[in-house]
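Some notes on the structure that comes next.
The values are calculated or read from the model by the stated rules, or taken from the named source; none is laboratory data. Predicted model, so just to flag it, every value in this text is computed and none were measured. Cβ placement follows ideal geometry from the backbone for every residue including glycine, while neighbour counts extend to all protein chains displayed. Heavy atoms of the whole protein, side chains included, go into the accessibility calculation; ligands, DNA and RNA do not. Shrake-Rupley method; radii C 1.70, N 1.55, O 1.52, S 1.80 Å.
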Amino acid sequence: MDQLMELLKTRRTYRRFRQREIPQETVEEILEAARLASSAANRQPLSYIVIREPEKTAQVFGFTRWAGALPPELGQPKEGERPVLFIAVVENLDINRDCDTDAGLAIGNMTLAAWNRGVGSCMIGACDKAALSELFGLGENQKLHTVVAFGYPSHESHIVDMESPEEFKYYLDENRDYVVPKRKLSDVVRYL
Ligand SMILES: Cc1cc2nc3c(=O)[nH]c(=O)nc-3n(C[C@H](O)[C@H](O)[C@H](O)COP(=O)(O)O)c2cc1C
């Protein structure tokens, strides 16, 4: 249990990566973690596209935006820092048109399974979904939910208590490590 809590604490969003390939068994473990996630009515409307050829990851990267809270020169990964793997989460609209919770659970599982092997991740909602859908060759009944970026991080990320409700923006410290304010438990929990 302590190990799980430690994993949850350190499984943060990572945005700069070493240019080291992720072994196939780790990629498969990440995908298996997604497959194991709960799904509304057990319909399982999600499928996954793996992008890891350098040419293709570069293409996908071009359609993604990083760290909206920071100026691009600080938040956008530079050449030599970019993710080595993307996994696209795709909805099948014929199975279920309301996939947000399923996708969140699958992505949570994937990023945790990755971090368990030292692989950091960043979920990318801010991407050009039309361009990516075309690149992935998605059909009429398919909708791109999210792309998730993966790689071995080259920075750290720490959580700190949020002291005031407006201080939600993450920032970089003097080592260029991410600092992520989280609302305190006492601010978000009420016992009835
Ligand atoms: C739904 C969702 C969409 C996100 N989209 C992006 C994104 O487009 N680009 C990015 O750099 N980070 C993105 N993130 C990462 C958040 O910025 C990050 O989760 C937040 O700052 C808290 O950091 P933490 O994940 O380390 O707790 C997204 C996270 C979630 C949950």
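Against the condition open to solvent by less than 60 Å² (accessible area, probe 1.4 Å), under 29 Å from V188 (Cβ atoms) and touching a Lys or Arg at 6+ places or on another chain (Cβ under 7 Å), how does G75 come out, does it pass? Reasoning before the result, please.
Values: open to solvent by less than 60 Å² (accessible area, probe 1.4 Å): yes; under 29 Å from V188 (Cβ atoms): yes; touching a Lys or Arg at 6+ places or on another chain (Cβ under 7 Å): yes.
So G75 fits the description; yes.
Candidates N109, N92, N116: the one that is farther than 30 Å from D173 by Cα, more than 13 Å from the ligand (Cβ to nearest atom) and polar (S, T, N, Q) is N92. Being free of Cβ contacts under 8 Å to residues at least 12 places away in the same chain and either of a type in the set (A, V, I, L, M) or in contact with a helix residue (DSSP H, G or I) (Cβ under 6 Å, 6 or more places away or on another chain) (or both), is that true of even one residue in the range 11-20? No, because not a single residue in the range 11-20 is free of Cβ contacts under 8 Å to residues at least 12 places away in the same chain and either of a type in the set (A, V, I, L, M) or in contact with a helix residue (DSSP H, G or I) (Cβ under 6 Å, 6 or more places away or on another chain) (or both). Remark: pairs (first residue in the range 128-156, free of Cβ contacts under 8 Å to residues at least 24 places away in the same chain; second residue surrounded by fewer than 19 Cβ atoms within 10 Å (Cβ to Cβ) and not polar (S, T, N, Q); Cβ separation under 8 Å; 6+ apart in sequence or on different chains) = S133/K143; E156/D177.
Every test in (1) open to solvent by less than 30 Å² (accessible area, probe 1.4 Å); (2) more than 12 Å from the ligand (Cβ to nearest atom); (3) among the aromatic types (F, W, Y); (4) in contact with a helix residue (DSSP H, G or I) (Cβ under 7 Å, 6 or more places away or on another chain) is passed by W66 save one, and that test is (2).
Report whether or not K56 is surrounded by fewer than 12 Cβ atoms within 10 Å (Cβ to Cβ) and at pLDDT 95 or above. Here the answer is no, as K56 does not meet what is asked. Scanning the range 18-52 for residues that are assigned to a loop (DSSP other than H, G, I, E, B), open to solvent by 70 Å² or more (accessible area, probe 1.4 Å) and out of contact with any strand residue (DSSP E or B) (no Cβ under 6 Å at 6 or more places or on another chain) yields R18, Q19, R20, E21, L36, S38, R43, Q44. The single residue among L105, L135, L112 that is in contact with a Phe, Trp or Tyr (Cβ under 8 Å, 6 or more places away or on another chain), modelled with pLDDT of 95 or more and of a type in the set (A, V, I, L, M, F, W, C) turns out to be L135.
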